[in-house]
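J.: Supplied in structure tokens, the structure appears directly below.
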Amino acid sequence: MLTVTMPTTAGASPLSGVTKESDEIKYTFQGLNTLEILQQPTVECVLRALPGHSIAHFACHGVSSRNPADSHLLLQEGSGDVDKLCQRYCRAEIADCELGLSFSL
């Protein structure tokens, strides 16, 4: 399992629960799975790590779009197009915290 955490993002409010969320994932999946945690990663770093994992959890800000594939995850040094991140590597369940929306890719 890959966990991507962005407790702080340039131009956005801090996500105070990200560290606790990451710790809970570590505790829950200890011994059951290979767990890799990327803190404050760039898009390129995430793209390199994704092929080694069947599950990816992103704890970060995002920008949603009417077309879910056009949505973006805000990462270090830019944004990761959801479609680009997931098209070859994973199936995505995305929840938009602000709007209360959820969709699948």
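Since every read-out is calculated from the coordinates, none of them should be taken as a lab result. If you're wondering where the values come from, they're calculated on a predicted model, not measured in any experiment. FYI the Cβ positions are ideal-geometry reconstructions off the backbone, even for glycines, and counts take in every protein chain you see.
J.: Taking the beta-carbon count within 10 Å as an exposure proxy, list ILE55, ILE37 from fewest neighbours to most.
T.: Result, fewest neighbours first: ILE55, ILE37.
J.: At 0.36 nm per residue, minus the direct Cα-Cα distance, what do PHE29 and ALA12 gain on full extension? Give it in nm, one decimal, please.
T.: That works out to 3.2 nm of additional length.
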